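K.L.:
One structure, as structure tokens, below. Some questions next.
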Amino acid sequence: MSHRLALRDLIDVVRPARPVASVYLGSSPLRSWRGRWLRLADQLRADGADPDLVDTIGEVLDRARSHYPTADTLVAFAGEELPPRVFHTPGLRHLDLAWFSSPAHVLPLLAWLQDRPPRVAVTAGRCSADLLAGNEHISLNYPESQWLEGVRSAAVACAEMLVRQEARLLVVTGEDEVVGALWEALPAPVRRDVVVRWSGRALTPGRIQAETRAAARSWTEGVLADFNERGRLRRLAVEGADDTLNALSTGRLDDLLVGFPEDITATAWYGANPTDVARGWSPARRCGLLADVAVRAALLSGTRVHVIAAGLPSAPFENIGGLCRAQLALVRS
């Protein structure tokens, strides 16, 4: 059964050290589902996937297609250590792809997920307030003469919804005075941690999506700017495959920057432990794409991952790098 993607899903997907089938079934109305799947299945078998595993993936993808017949892209993962997972990813445009490799290939999904962070959308008025996030929808009604008390109640509901959704983005619309009252009524920790984007007086689904993506781009640009300014200036940045993998292996990396599309010629080696990564060959490790190895190490060790456009002038060397945590002596200085 397919379901919407969350970061914790990708952590489970990359955890296995043994090869995993990664299948991206894109939107291609000019070709039949059956013909496309047969080609992908042949590729998985050529990569060494067990025929039973290939059949299982085909079955779960077929069931997912019946639930989402107009899906842009369906993404499936399965392996000896991973039960089949299928994700519906609206808006993800991807060519058909099938790899049986290690680690699992999740970089396109990370880029998609990064562009759609959890958020709460609020329409605040003098007679009612509507809150929307994920599958949650709360409507509050109150007399216009008591709008301030009503907005304060909406702020309480909003703060609770932000916690449940693990969201740090609030998209809000309404009159200036009402929106200001909502903001002032939010608890101080929420105001400190949450980014607010005001969207005039019309909060359509398209507008919510646009504001969400704008906030996501701003966050990523901020991390990249921090890498180029503070990181390089204070020698807290690493870049290039060797230095980045070394920082991951020693647990020094707070933020990993990785370019997308990835370089499919660059490889690295990894072991079962999250930080067991290296550039060179080792009999105790497996070989995988550099980007996949680095992403796996980061996700399993709690390092934040930021997907950037490969080839940007401000991108790190070899399209991979990151920000390291400051040494205590450096912080005190």
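The numbers here are math on the coordinates, done by the rules we state, and not lab data. The model shown is predicted, which means the values in this text are computed figures rather than measured ones. Here the Cβ is made from the backbone with ideal geometry for all residues, glycine too, and neighbour counts use every protein chain on show.
K.L.:
Provide the per-residue ³J(HN,Hα) series for region 37-47, in order, calculated from phi with Karplus coefficients 6.51, -1.76, 1.60 and θ = phi - 60°, each as a whole number of Hz, with x at glycine and proline positions.
P.N.:
5, 4, 5, 5, 5, 4, 5, 4, 5, 5, 7
K.L.:
When N counts the residues of region 207-252, how does its alpha-carbon radius of gyration compare numerically with 2.2 N^0.38 Å, as a ratio?
P.N.:
For region 207-252, the normalised Cα radius of gyration is 1.53.
K.L.:
Can you compute 3J(HN,Hα) from phi for each residue in region 180-187, using the Karplus curve 6.51 cos²θ - 1.76 cosθ + 1.60 with θ = phi - 60°, rounded to whole Hz and x for Gly and Pro?
P.N.:
Each residue of region 180-187 in turn: x, 5, 4, 4, 5, 7, 5, x Hz.
K.L.:
Give me the percent relative contact order of region 234-332, please, defined on Cα pairs under 8 angstrom at least 6 residues apart.
P.N.:
43 percent
K.L.:
Mean 1/r over all different Cα pairs, inverted: what Kirkwood radius does region 2-106 give, in Å?
P.N.:
Mean inverse Cα-Cα distance, inverted, gives 13.5 Å.
K.L.:
Once amide H atoms are built 1.01 Å from N in the peptide plane, which residues 5 or more positions from HIS94, or in another chain, come under 5 Å H to H?
P.N.:
When sequence neighbours closer than 5 places are left aside, the close amide H contacts are SER27.
K.L.:
Sort SER66, SER153, SER139 by Cβ crowding within 10 Å, fewest neighbours at the top.
P.N.:
Values: SER66 7, SER153 15, SER139 11.
Ascending number of Cβ neighbours within 10 Å: SER66, SER139, SER153.
K.L.:
Can you compute 3J(HN,Hα) from phi for each residue in region 216-229, using the Karplus curve 6.51 cos²θ - 1.76 cosθ + 1.60 with θ = phi - 60°, rounded to whole Hz and x for Gly and Pro?
P.N.:
For region 216-229, the Karplus curve yields 4, 5, 5, 5, 5, 4, x, 5, 5, 5, 5, 4, 7, 9 Hz.
K.L.:
Could I ask something else about it? In Å³ and rounded to a whole number, note down the convex hull volume per residue for the Cα atoms of region 97-168.
P.N.:
100 Å³
K.L.:
Sticking with this structure for a sec: What do you get for trypsin sites (Lys or Arg not before Pro) in region 169-209 restricted to DSSP loop and a cutoff of at most 12 other Cβ within 10 Å of the site's Cβ?
P.N.:
Those satisfying the criteria are ARG201.
K.L.:
Quick one: which residues, 5 or more positions from ILE308 or on another chain, have an amide H under 5 Å from its amide H? H modelled 1.01 Å from N in the peptide plane, none for Pro or chain starts.
P.N.:
VAL258, GLY259, PHE260
K.L.:
Still on this model: As a footprinting exposure proxy, order GLU81, GLU262 by other Cβ within 10 Å, with the fewest listed first.
P.N.:
Lowest count first: GLU81, GLU262.
K.L.:
Just subtract the alpha-carbon distance of GLU144 and THR250 from 0.36 nm times their residue separation and send over the number in nm, one decimal.
P.N.:
The span from GLU144 to THR250 would gain 32.3 nm if fully extended.
K.L.:
Looking only at the chain, where both bridge partners belong to it, what percent of the DSSP beta bridges are antiparallel (to the nearest 5)?
P.N.:
70 percent
K.L.:
I would also like to ask the following. From the square roots a ≥ b ≥ c of the eigenvalues of the alpha-carbon gyration tensor of the chain, which class results: rounded (a/c under 1.5), prolate (a/b over b/c), or oblate? Intermediate results must be reported in sequence, preceding the final value.
P.N.:
Details: a/c = 2.46, a/b = 1.35, b/c = 1.83.
Oblate is the answer for the chain, as a/c is 1.5 or above yet b/c matches or exceeds a/b.
K.L.:
If you place +1 on the Cβ of every Lys and Arg, -1 on the Cβ of every Asp and Glu, and leave all else neutral, what size is the dipole of the chain about its Cα centre, to the nearest 20 Debye?
P.N.:
It works out to roughly 300 debye.
K.L.:
Indicate the gyration tensor shape class of region 234-332 (rounded, prolate or oblate), computed on the Cα atoms with a ≥ b ≥ c the square roots of the eigenvalues: a/c under 1.5 is rounded; otherwise a/b larger than b/c is prolate and the rest oblate. Walk me through the numbers on the way to the answer.
P.N.:
On the way: a/c = 1.94, a/b = 1.18, b/c = 1.65.
Oblate, because a/c is 1.5 or more while a/b does not exceed b/c.
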